[in-house]
Amino acid sequence: MKFIYKKSIFPLLFIGLISSCNKSSNTPIPIEPMIPTQQVSVIVLLGDGMGIPQITASWHEHDFLNLQRFPYTGLTLTHTVDKIITESGAGSTALFTGVKTKYGYQGMGPQGQNLESLYNYLKQEDYLTGIISSSFLTDATLAALYRHGNDRYDYENIALDYYHNYADFT
């Protein structure tokens, strides 16, 4: 029964994929900004290395993923400006600043300029911040939130940058 269901939905998915690949329209989809009447919480869940193939493989193994319940999801291309394959510091910089950068950079643009990350912006707006990770705080993925540097392996200076830009909860 499960196999028949997947087989019958494939043509619909294929038609949807083909119709979404139309290059004739470059018009962006308008998105109305939400203006909150009270302070909101911003929670970002980042699965480092969780591309479409990894999510698909997990879905095939388990048939359902809790992330399917999320009301919003996003997909971004985070390759660096100088290499096709990214690394976590540059990828996280692209994700949290909106600017693609060079391989190995954290929180800096490709010309070496400091960039404001979502984390820095929220701290300036007096939001409480927190970082929860299964990795270490000086990891390049996390460093891109609070650091402006070009060496992902400079752990001592990354730790000092965190000390000067610490989260309210770690």
**Gyration tensor verdict on the stretch 18-170 (Cα atoms; rounded if a/c is under 1.5, prolate if a/b is larger than b/c, oblate otherwise)** = rounded
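Show me the ranking of peptides 37-44, 113-120 by mean Cβ neighbours inside 10 Å, starting with the highest. Write down the numbers at each step before the final one.
On the way: 37-44: 7.5, 113-120: 17.1.
Those peptides, ordered most packed to least, come out 113-120, 37-44.
Ranked from the most accessible area to the least, with a 1.4 Å probe and all protein chains present, what is the order of Arg147, Arg152?
Numbers: Arg147 15, Arg152 50 Å².
Descending accessible area places them as Arg152, Arg147.
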**Asked** If the chain between Ala159 and Leu46 were fully stretched, how many nm would it gain, using 0.36 nm times the residue separation less the Cα-Cα distance?
**Response** 38.6 nm
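Give, as a single signed number, the net charge of other residues whose beta carbon lies under 11 Å from the beta carbon of Leu160, with Lys and Arg counted +1 and Asp and Glu -1. Kindly include the intermediate steps, with their values, before the conclusion.
Working: positive: Arg147; negative: Asp154, Glu156, Asp161.
Net local charge, Leu160 excluded: -2.
The values are calculated or read from the model by the stated rules, or taken from the named source; none is laboratory data. Bear in mind that the values here come from a model prediction, so they are computed numbers and not experimental data. Because the Cβ atoms are built from the backbone with ideal geometry, glycine has one as well, and the counts that use them run over all protein chains shown. To get the accessible areas, we keep the full protein, side chains included, count just its heavy atoms, and leave off ligands, DNA and RNA. Shrake-Rupley method; radii C 1.70, N 1.55, O 1.52, S 1.80 Å.
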